[in-house]
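The values are calculated or read from the model by the stated rules, or taken from the named source; none is laboratory data. Note that the structure is predicted; figures quoted are calculated from it, not measured. Glycine gets a Cβ as well: all are built from the backbone with ideal geometry, and neighbour counts include every protein chain shown.
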């Protein structure tokens, strides 16, 4: 697992690895040719969703144009081919995540659904009144609310690991919060609002010393870092297709086989059964037990094409390049008077949440939009993070493999314009 | 006028910088809280009525320039006006921001509130301007629930 620290040598943006050519990468993403308000699109909202490479668009289009059929159903040729493509995508995601076997990958709608699945099918039957689920302050709402719901259903208690002023997970407090009643730890790999990369390997190690399973929310990690669930030894890991430049409406849950095998189904319907009668129903095996109904076949196949694309470029190359962008952007934004960065963790992904004086982030976002620059403004579905820093919102530039230092320069010029309007 | 200067007119920037009537009003005949879940902004509107006439009106809360200026200019415009005039102005204001067929005839004039016409080109920002007016409606009815833009 590659984690990178911010204070790298300045000017390192000039020394990119030869294997990474950002201009070539940009040509893979047709939307980057667009103009917005007469200006070239500068897309810096990658933590909300990633843009799609042509290879992924073509795969989905080809599937619908020439290969569409339901899976695991027919004896006809199209159905057999669609089934092979769908299961082939599962194997690709398995390799991408470093899982031991393809059955450990469950296709879901989103990382949100993956977490809800674990909350309802793993935690709910396990939790007793007084048991504890341990999350952190920096979680996305999708890694908070499913646990609140299951705690309410079972009489369990939600405990929260605090973060420090830099937006880092407070490890000692975490160790103190682990108790004899802790039944599950859930933590984000990378914070969507702050960019913090959490020490998930250590978090898991400490939890496992007490036989507590750990779920990692990897929605923000998958597009930027190499993931290896075997090396992490996590029990569950959730990813989101659209955030890693794949289709929306598809995500994946990794779960250790023994855990998944023991869990009851999440939803009932077709596909998840072996036989149905009114006297009783026999459930299908993992992973089909958790994939009731016709799944998002095109989405899964598209996700397969997405991981092919990312692996072809190489997650380590992406992480190195994005770190250089982060260093460049951090220096450039910090040099603008009145700009305050929220989230200054030592280990950080390329996310820059910031405030410009007392100018409201929505006004910042609108003026940047007029310059063709897309940033997210608001609470980023992480209101507890905003509360932690005593603010209601930030503007957030979140970078990806196709962003350039020229685009950072455009952002900095845009922020200059914001200051001028409100000067 | 560019979209930028059309949206952030000097009048709006001035009211954002020094909002009028931003204070608590107690006791109040009407009070309501508004919330925009998209940005987390909150606004509270206080009303003091003399029969059908708005004797005093104030607001609390902080938000973007559009929402702060909207609250400031709304309170300034409505002081001394009747409840029915206030409702009619809200309808006109809403149409200014959303209706492409103009704001219609009759009733009180929008006057300076027409400065918000530029918001129409920014659909994502219309709620910033209307939240305080929706909250006013609730304050007139002295409703307990929080008004949401969603």
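Being in contact with a helix residue (DSSP H, G or I) (Cβ under 7 Å, 6 or more places away or on another chain) and either surrounded by fewer than 22 Cβ atoms within 10 Å (Cβ to Cβ) or in contact (Cβ under 8 Å) with a residue 60 or more places away in the chain (or both) is the filter here, so list the residues in the stretch A:150-164 that pass it.
Once the filter is applied, which keeps residues that are in contact with a helix residue (DSSP H, G or I) (Cβ under 7 Å, 6 or more places away or on another chain) and either surrounded by fewer than 22 Cβ atoms within 10 Å (Cβ to Cβ) or in contact (Cβ under 8 Å) with a residue 60 or more places away in the chain (or both), the stretch A:150-164 yields A:153, A:154, A:157, A:158, A:159, A:162, A:163.
Take the residues in the stretch A:182-201 that are in contact (Cβ under 8 Å) with a residue 60 or more places away in the chain and assigned to a strand (DSSP E or B); name whichever of them is farthest from residue A:379 (Cα to Cα).
So, considering only residues that are in contact (Cβ under 8 Å) with a residue 60 or more places away in the chain and assigned to a strand (DSSP E or B), the one farthest from residue A:379 (Cα to Cα) is A:183.
I'm trying to understand the selection: among the residues of the stretch A:334-362, which are within 20 Å of residue A:191 (Cα to Cα) and not in a strand (DSSP E or B)? Reasoning before the result, please.
Let us first name the residues in the stretch A:334-362 that are within 20 Å of residue A:191 (Cα to Cα), namely A:340-355, A:361.
Of everything in the stretch A:334-362, those that are within 20 Å of residue A:191 (Cα to Cα) and not in a strand (DSSP E or B) turn out to be A:343, A:344, A:345, A:346, A:349, A:350, A:361.
Would you mind listing the helices (runs of 4 or more DSSP H) fully within the stretch B:1-100 where at least 1 residues are within 11 Å of chain A (Cβ to nearest Cβ) and crowded, with 20+ Cβ neighbours inside 10 Å?
On the way: elements: B:3-7, B:10-17, B:65-78, B:83-98.
Where helices (runs of 4 or more DSSP H) fall fully within the stretch B:1-100 and carry at least 1 residues being within 11 Å of chain A (Cβ to nearest Cβ) and crowded, with 20+ Cβ neighbours inside 10 Å, they are B:3-7, B:10-17, B:65-78.
Mind checking which residues of the stretch A:89-136 are part of a loop (DSSP other than H, G, I, E, B) and within 27 Å of residue A:294 (Cβ to Cβ)? Even if it seems obvious, please write down each step before you answer.
At the first step, the residues of the stretch A:89-136 found to be part of a loop (DSSP other than H, G, I, E, B) are A:98-101, A:109-110, A:127-131.
Within the stretch A:89-136, A:99, A:101, A:109, A:110 qualify.
Could you check how many residues of the stretch B:47-62 are touching a helix residue (DSSP H, G or I) at 6+ places or on another chain (Cβ under 7 Å) and closer than 29 Å to residue A:383 by Cβ? Spell out the reasoning first.
Residues of the stretch B:47-62 that are touching a helix residue (DSSP H, G or I) at 6+ places or on another chain (Cβ under 7 Å), as a first pass: B:47, B:52, B:54, B:57-59, B:62.
Subset that is closer than 29 Å to residue A:383 by Cβ: B:58-59, B:62.
Residues meeting the conditions: 3.
So, in the stretch A:383-404, exactly how many residues are surrounded by 17 or more Cβ atoms within 10 Å (Cβ to Cβ) and assigned to a loop (DSSP other than H, G, I, E, B)? First the steps, then the outcome.
Keep residues of the stretch A:383-404 that are surrounded by 17 or more Cβ atoms within 10 Å (Cβ to Cβ), which gives A:383-386, A:388-389, A:392-404.
With assigned to a loop (DSSP other than H, G, I, E, B) added as a condition, the list becomes A:389, A:392-393, A:399-404.
The total comes to 9.
Determine, yes or no, whether residue A:274 is without any contact (Cβ under 8 Å) to a residue 12 or more places away in the chain and assigned to a strand (DSSP E or B). Working first, answer last.
On the way: without any contact (Cβ under 8 Å) to a residue 12 or more places away in the chain: yes; assigned to a strand (DSSP E or B): yes.
Here the answer is yes, as residue A:274 does meet what is asked.
Has the stretch A:134-145 got at least one residue that is within 21 Å of residue A:262 (Cα to Cα) and either surrounded by fewer than 22 Cβ atoms within 10 Å (Cβ to Cβ) or touching a strand residue (DSSP E or B) at 6+ places or on another chain (Cβ under 9 Å) (or both)? Don't jump to the end; show me each part of the working.
Just the residues of the stretch A:134-145 that are within 21 Å of residue A:262 (Cα to Cα), to begin with: none.
No, the stretch A:134-145 has no match at all.
With the structure loaded, tell me whether residue B:98 is touching a strand residue (DSSP E or B) at 6+ places or on another chain (Cβ under 9 Å) and either in contact (Cβ under 8 Å) with a residue 12 or more places away in the chain or closer than 26 Å to residue A:361 by Cβ (or both) or whether it fails that test. Lay out the reasoning, then the answer.
On the way: touching a strand residue (DSSP E or B) at 6+ places or on another chain (Cβ under 9 Å): no; either in contact (Cβ under 8 Å) with a residue 12 or more places away in the chain or closer than 26 Å to residue A:361 by Cβ (or both): yes.
Answer is no for this residue.
May I ask you to list the residues in the stretch B:117-129 that are touching a helix residue (DSSP H, G or I) at 6+ places or on another chain (Cβ under 7 Å), within 14 Å of another protein chain (Cβ to nearest Cβ) and in a helix (DSSP H, G or I)?
Of all residues in the stretch B:117-129, those touching a helix residue (DSSP H, G or I) at 6+ places or on another chain (Cβ under 7 Å) come to B:117-122, B:125-126, B:128-129.
Pick out the ones that are also within 14 Å of another protein chain (Cβ to nearest Cβ) and you get B:118-122, B:125-126, B:128-129.
Across the stretch B:117-129, the qualifying residues are B:118, B:119, B:120, B:121, B:125, B:126, B:128, B:129.
Go through (1) at pLDDT 95 or above; (2) under 17 Å from residue B:124 (Cβ atoms); (3) surrounded by 21 or more Cβ atoms within 10 Å (Cβ to Cβ) one by one and return the number of the condition residue A:326 breaks.
All conditions are met except number (2).
Quick one: in the stretch A:390-410, which of the residues that are without any contact (Cβ under 8 Å) to a residue 60 or more places away in the chain and touching a strand residue (DSSP E or B) at 6+ places or on another chain (Cβ under 6 Å) is farthest from residue B:6 (Cα to Cα)?
Here is the first cut: in the stretch A:390-410, the ones without any contact (Cβ under 8 Å) to a residue 60 or more places away in the chain are A:390-393, A:395, A:406.
Restricting the remaining residues to those that are touching a strand residue (DSSP E or B) at 6+ places or on another chain (Cβ under 6 Å) gives A:393, A:395.
On the way: A:393: 25, A:395: 22 Å.
Within the stretch A:390-410, the match that is farthest from residue B:6 (Cα to Cα) is A:393.
If residue A:407 satisfies all but one of (1) away from chain B (no Cβ under 14 Å); (2) over 21 Å from residue A:142 (Cα atoms); (3) assigned to a strand (DSSP E or B), what's the number of the condition it fails?
All conditions pass for residue A:407, except number (3).
Looking only at residues that are in a loop (DSSP other than H, G, I, E, B) and buried (at least 17 other Cβ atoms within 10 Å of the Cβ) in the stretch A:277-297, which one is nearest to the chain's Cα centre (by Cα)?
From the stretch A:277-297, those in a loop (DSSP other than H, G, I, E, B) are A:278-279, A:284-287, A:291-296; that's our starting set.
Next cut, buried (at least 17 other Cβ atoms within 10 Å of the Cβ) only: A:284, A:286-287, A:291-292, A:295-296.
On the way: A:284: 29, A:286: 24, A:287: 21, A:291: 21, A:292: 24, A:295: 21, A:296: 19 Å.
Looking at residues that are in a loop (DSSP other than H, G, I, E, B) and buried (at least 17 other Cβ atoms within 10 Å of the Cβ), I get A:296.
When you go through A:249, A:255 one by one, which is the residue that is buried (at least 20 other Cβ atoms within 10 Å of the Cβ) and closer than 29 Å to residue A:308 by Cα? Spell out the reasoning first.
Working: A:249 fails: buried (at least 20 other Cβ atoms within 10 Å of the Cβ).
It is A:255.
Within the stretch A:306-315, can one find any residue that is more than 18 Å from the chain's Cα centre (by Cα) and either within 14 Å of another protein chain (Cβ to nearest Cβ) or modelled with pLDDT of 95 or more (or both)?
Step one: list which residues in the stretch A:306-315 are more than 18 Å from the chain's Cα centre (by Cα), which gives A:312-313.
Checking the rest, the ones that are also either within 14 Å of another protein chain (Cβ to nearest Cβ) or modelled with pLDDT of 95 or more (or both) come to A:312-313.
Yes, the stretch A:306-315 contains at least one residue that is more than 18 Å from the chain's Cα centre (by Cα) and either within 14 Å of another protein chain (Cβ to nearest Cβ) or modelled with pLDDT of 95 or more (or both).
Testing residue A:358 on (1) within 14 Å of chain B (Cβ to nearest Cβ); (2) crowded, with 23+ Cβ neighbours inside 10 Å, one condition comes back false. Which one is that?
Unmet for residue A:358, out of (1) within 14 Å of chain B (Cβ to nearest Cβ); (2) crowded, with 23+ Cβ neighbours inside 10 Å: (2).
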